[in-house]
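Accompanying notes for the structure given below.
The values are calculated or read from the model by the stated rules, or taken from the named source; none is laboratory data. The shown structure was predicted, so the numbers you read here are calculated from the model rather than taken from an experiment. No Cβ is skipped: glycine too gets one built from the backbone with ideal geometry, and neighbour counts run over all protein chains shown.
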Amino acid sequence: MSKIVKAKYNNFVIISTITTDLVSKACQIHQTNPPASAAFGRALTGLVLLSSAFEGTKVEKLIMQFLTDGEISEITVETNMKKQFRGFIRNPNPHYEIKSNKLPVGDVVGKGLLYFYRYFNNEVYQSVSEIISGEIAEDIAYFLYNSEQIPSAIALGVLVNKDGSIKNAGGIFVYSRPGISESELIDMENKFKNIKSITTLIDANLDEYDLISIITKSWQFLEESSVEYNCWCNLDSIKRAILSIPKEEILEEVERNSIIEVVCRYCKKSYIFNKFQIFEIYEGF
Ligand SMILES: [Zn+2]
């Protein structure tokens, strides 16, 4: 379980999270190499923070998708708004060289487009924005400002051990509520500019509350909750996925192998159907 803490400071909402557990699980499932772990972990942590701003609204699902020209090519992260998160990375093993002691996250992600989908009961809203650096946090802030007109600041960090495991991960997100003054914004920008990297702060044993106090000491507590990497796929969602593939392809495959194996792209769980079960799916829906 990872924790998320929400606080208020004047006209700002400050959200902090330490997502080491959540990101570790995601990277183990997807067998990511160090720069892919950093990119994937930042995207997941970014959505953890952003989704907190949608709590109490009618949004039922959020998807953030990076489609890029870099080797990673796609990162998709989702939440069902029930504190559960899952994700997919197209290439978990991009080539890389360590440059000046830093993982080349921007290089392996590349440039492209960032899509953000908000699902309501019967509707989906899509927003799109340019990926300006591939460093993820900057791209999310750019999206919020240009596409949503929300002034915000976001810092994300994932520290990867030499063996590829996650040492720590987390982030801070500050956004303003309507009616903010220019001077308040400048004041917050300056506060945010002066913070050390998130991974350094977490490495120094700061918790979620300490991370908020780094920005300002005079915050008021709003709420605390837990989040986790936990896929919500089930037999029904996999059956629906089968129905979205052309029937001829499925029947050809089941003739050839006498079974169909469907692997969930978010949790790698395998679902196996025999010929009889496949026919049942076509009859049952
Ligand atoms: Zn799954």
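Can you pull out the strands (runs of 3 or more DSSP E) entirely within region 200-279 that have at least 1 residues that are closer than 28 Å to MET64 by Cα and away from the ligand (no atom under 16 Å from the Cβ)? It would help to see each step written out before you state the result.
Numbers: elements: 220-229, 259-263, 270-274.
Once the strands (runs of 3 or more DSSP E) in region 200-279 are filtered for at least 1 residues that are closer than 28 Å to MET64 by Cα and away from the ligand (no atom under 16 Å from the Cβ), what remains is 220-229.
Within the set of pairs 6 or more residues apart or between chains, which connect a residue that is over 14 Å from VAL160 (Cα atoms) inside region 1-27 to a residue that is at pLDDT below 95 and among the basic types (Lys, Arg) with Cβ atoms less than 7 Å apart?
Filtered contacts from region 1-27: ASN11/ARG177; VAL13/ARG177.
Please go through region 160-177 and pick out each residue that is more than 14 Å from the chain's Cα centre (by Cα), surrounded by 21 or more Cβ atoms within 10 Å (Cβ to Cβ) and under 24 Å from SER73 (Cβ atoms).
VAL160, ILE166
Would region 58-76 turn up any residue that is buried (at least 23 other Cβ atoms within 10 Å of the Cβ), under 13 Å from the mean Cα position of the chain (by Cα) and under 16 Å from ILE202 (Cβ atoms)?
The answer is no, given that none of the residues of region 58-76 is buried (at least 23 other Cβ atoms within 10 Å of the Cβ), under 13 Å from the mean Cα position of the chain (by Cα) and under 16 Å from ILE202 (Cβ atoms).
Could you pull out the residue among LYS58, LYS82 that is more than 18 Å from LEU44 (Cα to Cα) and assigned to a loop (DSSP other than H, G, I, E, B)?
Result: LYS58 is the single residue among LYS58, LYS82 that is more than 18 Å from LEU44 (Cα to Cα) and assigned to a loop (DSSP other than H, G, I, E, B).
Residues that are of a type in the set (Val, Ile, Thr), under 24 Å from SER133 (Cβ atoms), in contact with a strand residue (DSSP E or B) (Cβ under 7 Å, 6 or more places away or on another chain) and in the same structural domain as MET188 (by TED's automatic domain parsing): does region 90-106 have at least one? Break it down into steps so the answer makes sense when it comes.
If we filter region 90-106 for residues that are of a type in the set (Val, Ile, Thr), which is where we start, we get 98, 105.
So of that shortlist, the ones also under 24 Å from SER133 (Cβ atoms) come out as 98, 105.
Then keep just the ones that are in contact with a strand residue (DSSP E or B) (Cβ under 7 Å, 6 or more places away or on another chain); that gives none.
Within region 90-106, none of the residues are of a type in the set (Val, Ile, Thr), under 24 Å from SER133 (Cβ atoms), in contact with a strand residue (DSSP E or B) (Cβ under 7 Å, 6 or more places away or on another chain) and in the same structural domain as MET188 (by TED's automatic domain parsing).
Among what's in region 69-79 and is part of a strand (DSSP E or B) and in contact with a helix residue (DSSP H, G or I) (Cβ under 7 Å, 6 or more places away or on another chain), pick the residue that is farthest from PRO35 (Cα to Cα). So that I can check it myself, show each step before the final result.
Of the residues in region 69-79, the ones part of a strand (DSSP E or B) are 74-79.
Okay, now just the ones that are also in contact with a helix residue (DSSP H, G or I) (Cβ under 7 Å, 6 or more places away or on another chain), so 75, 77, 79.
Numbers: ILE75: 13, VAL77: 17, THR79: 23 Å.
Here the answer is THR79.
Yes or no: region 164-183 includes at least one residue that is within 16 Å of the ligand (Cβ to nearest atom) and either of a type outside the set (Lys, Arg) or closer than 26 Å to PHE88 by Cα (or both).
No: region 164-183 contains no residue that is within 16 Å of the ligand (Cβ to nearest atom) and either of a type outside the set (Lys, Arg) or closer than 26 Å to PHE88 by Cα (or both).
Pairs under 7 Å by beta carbon, first residue assigned by TED's automatic domain parsing to the domain that holds GLU78 in region 240-265, partner within 16 Å of the ligand (Cβ to nearest atom), six or more apart or different chains?
Correct list of pairs: empty, since none qualify.
Assess whether THR199 counts as being more than 23 Å from the chain's Cα centre (by Cα) and surrounded by 15 or more Cβ atoms within 10 Å (Cβ to Cβ).
On the way: more than 23 Å from the chain's Cα centre (by Cα): no; surrounded by 15 or more Cβ atoms within 10 Å (Cβ to Cβ): yes.
Here the answer is no, as THR199 does not meet what is asked.
Given the options THR19, THR32, name the one that is over 20 Å from SER133 (Cα atoms), modelled with pLDDT of 95 or more and under 12 Å from the mean Cα position of the chain (by Cα).
THR19
With ILE180, ILE186 as the choices, which residue is over 26 Å from the mean Cα position of the chain (by Cα), at pLDDT below 95 and not in a helix (DSSP H, G or I)? If you could, list the steps in order and put the result at the bottom.
On the way: ILE186 fails: not in a helix (DSSP H, G or I).
The unique qualifying residue is ILE180.
Please give the strands (runs of 3 or more DSSP E) falling wholly within region 95-169 in which 3 or more residues are within 22 Å of SER197 (Cβ to Cβ). Spell out how you get there, then give the answer.
Values: elements: 112-119, 124-131, 152-160.
In region 95-169, 152-160 are the strands (runs of 3 or more DSSP E) which contain 3 or more residues that are within 22 Å of SER197 (Cβ to Cβ).
Specify which of the listed residues (ILE140, ILE136, ILE131, ILE150) is at positive phi, in the same structural domain as GLU60 (by TED's automatic domain parsing) and surrounded by 15 or more Cβ atoms within 10 Å (Cβ to Cβ). Talk me through it step by step, then tell me what you get.
Details: ILE140 fails: at positive phi; ILE131 fails: at positive phi; ILE150 fails: at positive phi.
So the residue among ILE140, ILE136, ILE131, ILE150 that is at positive phi, in the same structural domain as GLU60 (by TED's automatic domain parsing) and surrounded by 15 or more Cβ atoms within 10 Å (Cβ to Cβ) is ILE136.
Suppose we filter LYS111, LYS83 for residues that are away from the ligand (no atom under 16 Å from the Cβ) and more than 24 Å from SER2 (Cα to Cα); which single one remains? Reasoning before the result, please.
On the way: LYS83 fails: more than 24 Å from SER2 (Cα to Cα).
The conditions single out LYS111.
Is it true that some residue in region 11-20 is surrounded by fewer than 18 Cβ atoms within 10 Å (Cβ to Cβ) and over 19 Å from TYR266 (Cα atoms)? Before you say what the answer is, go through the steps one by one.
To start, the set of residues in region 11-20 that are surrounded by fewer than 18 Cβ atoms within 10 Å (Cβ to Cβ) comprises 11.
Filter again for over 19 Å from TYR266 (Cα atoms), leaving 11.
Scanning region 11-20 turns up at least one residue that is surrounded by fewer than 18 Cβ atoms within 10 Å (Cβ to Cβ) and over 19 Å from TYR266 (Cα atoms).
Kindly indicate whether ALA26 is in a helix (DSSP H, G or I), modelled with pLDDT of 95 or more and within 11 Å of VAL108 (Cβ to Cβ). Walk me through how you get there before you give the answer.
Working: in a helix (DSSP H, G or I): yes; modelled with pLDDT of 95 or more: yes; within 11 Å of VAL108 (Cβ to Cβ): no.
No, not satisfied.
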